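**Student:** Here it is, the structure in full.
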Amino acid sequence: NAGVTQTPKFRILKIGQSMTLQCAQDMNHNYMYWYRQDPGMGLKLIYYSVGAGITDKGEVPNGYNVSRSTTEDFPLRLELAAPSQTSVYFCASSLYQGRETQYFGPGTRLLVL
Amino acid sequence: AQKVTQAQTEISVVEKEDVTLDCVYETRDTTYYLFWYKQPPSGELVFLIRRNSFDEQNEISGRYSWNFQKSTSSFNFTITASQVVDSAVYFCALSEFFSGGYNKLIFGAGTRLAVHP
């Protein structure tokens, strides 16, 4: 059971480049989330999804886009990378919302230069 | 508004010492959930415990124990006889629950624990 997987593990981008961070879960969870973790800080929610075809903004959505075409996958798109997007990105999933435990992927470290 | 405060930024102990990580939360709701996650140097986030607001029983799991006190809005985490492998950043998180809508998981800033041999 792989749980939540993320690719790539590490990426360097130049300012203005685009990329997609991949996230997949094999637990048949309804809810999926993208967080970013800046150095010395807790996690902040970027986007979340309550099921295939349904997504919504979290606390810090600017500069990002998401889609959810299947239950398993929840990619995060950066259209025009900026240095402020240098961070560690975590994908998570849960069966339901609120009271349910969120299980996290291993993270993607992104450096924008 | 929801808020989680982990006032201890960094703690350094020697192996076999007991250590308590503090977590204080703010919420307007009567129904909510509290979590602790561990982030070892490898970077992943590992779920440790979930507690709902109606269950104030303390919990013990091996060397780990959690003290939930609604009267002081605290959910503290104690590691007994710490080991080097306990070195990590520990996050406390809060989720309010209500029907309909989305419940955010609010994280504290984390406490970095360093256990030295």
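The values are calculated or read from the model by the stated rules, or taken from the named source; none is laboratory data. Being a predicted model, the structure only gives us computed values, none of them experimental. Methodologically, a virtual Cβ is constructed for each residue, glycine included, from the backbone with ideal geometry; neighbour enumeration extends over all protein chains shown. The accessibility values were calculated without ligands, DNA or RNA, using every heavy atom of the protein model including side chains. Shrake-Rupley method; radii C 1.70, N 1.55, O 1.52, S 1.80 Å.
**Student:** How big is segment A:8-59 on each of its three principal axes, counting only the C-alpha atoms and giving the largest first in Å?
**Tutor:** Result for segment A:8-59: principal-axis Cα extents of 33, 23, 20 Å.
**Student:** Hey, could you get me the Stokes-Einstein D for segment B:24-117, Kirkwood radius over alpha-carbon pairs, 4 °C and 1.567 mPa s, rounded to whole µm² s⁻¹?
**Tutor:** 91 µm²/s
**Student:** Rounded to a whole number, what is D in µm²/s for segment B:1-55 from Stokes-Einstein with the Kirkwood radius over alpha-carbon pairs (25 °C, 0.890 mPa s)?
**Tutor:** Stokes-Einstein gives a translational diffusion coefficient of 181 µm²/s.
**Student:** Tell me, what is the percent relative contact order of chain A, built from C-alpha pairs under 8 Å that lie six or more residues apart?
**Tutor:** Relative contact order, chain A: 36 percent.
**Student:** When the scattering of segment A:7-94 is computed by the Debye formula from its Cα atoms alone, each counted once and equally, what is log10 I(q)/I(0) at q = 0.20, 0.21 Å⁻¹?
**Tutor:** -0.91, -1.00
**Student:** Roughly speaking, to the nearest percent, how much of chain B's 1.4 Å accessible area is carbon and sulfur?
**Tutor:** Carbon with sulfur: 49 percent of the solvent-accessible area.
**Student:** Taking the Cβ of A:Leu21 as the centre, find all other residues whose Cβ is under 12 Å away and add up their charges (Lys, Arg: +1; Asp, Glu: -1).
**Tutor:** Overall, the nearby charge balance is +4.
**Student:** How much area per residue is accessible in chain B when the probe is 1.4 Å and only protein heavy atoms are counted (Å²)?
**Tutor:** Computed with neighbouring chains in place, this is 49 Å² per residue.
**Student:** Using all Cα-Cα distances in segment A:66-108, what percent lands in each 5 angstrom bin from 0 up to the longest?
**Tutor:** Histogram of Cα-Cα distances, whole percents per bin: 5, 17, 21, 25, 17, 10, 4, 0.
**Student:** Mind listing the phi-derived Karplus ³J(HN,Hα) values for segment B:47-52, rounded to whole Hz, using 6.51, -1.76 and 1.60 with θ = phi - 60°, and x for any glycine or proline?
**Tutor:** 5, 10, 7, 10, 9, 8
**Student:** What total accessible surface area, summed over both chains, is buried at the interface between chains A and B, computed with a 1.4 Å probe and given in Å² to the nearest 100?
**Tutor:** Summed over both sides, the interface buries about 1800 Å².
**Student:** Considering only lysines 8 or more places apart in sequence, or on different chains, count the pairs in the protein assembly as shown whose C-alpha atoms sit under 22 Å apart.
**Tutor:** 14
**Student:** For the protein assembly as shown, count the residues as N, evaluate 2.2 N^0.38 Å, and divide the Cα radius of gyration by that value, please.
**Tutor:** Normalised Cα radius of gyration, the protein assembly as shown: 1.02.
**Student:** Another one. Given Cα pairs under 8 Å that are at least 6 residues apart, what percent is the relative contact order of chain B?
**Tutor:** Computed over chain B, the figure is 38 percent.
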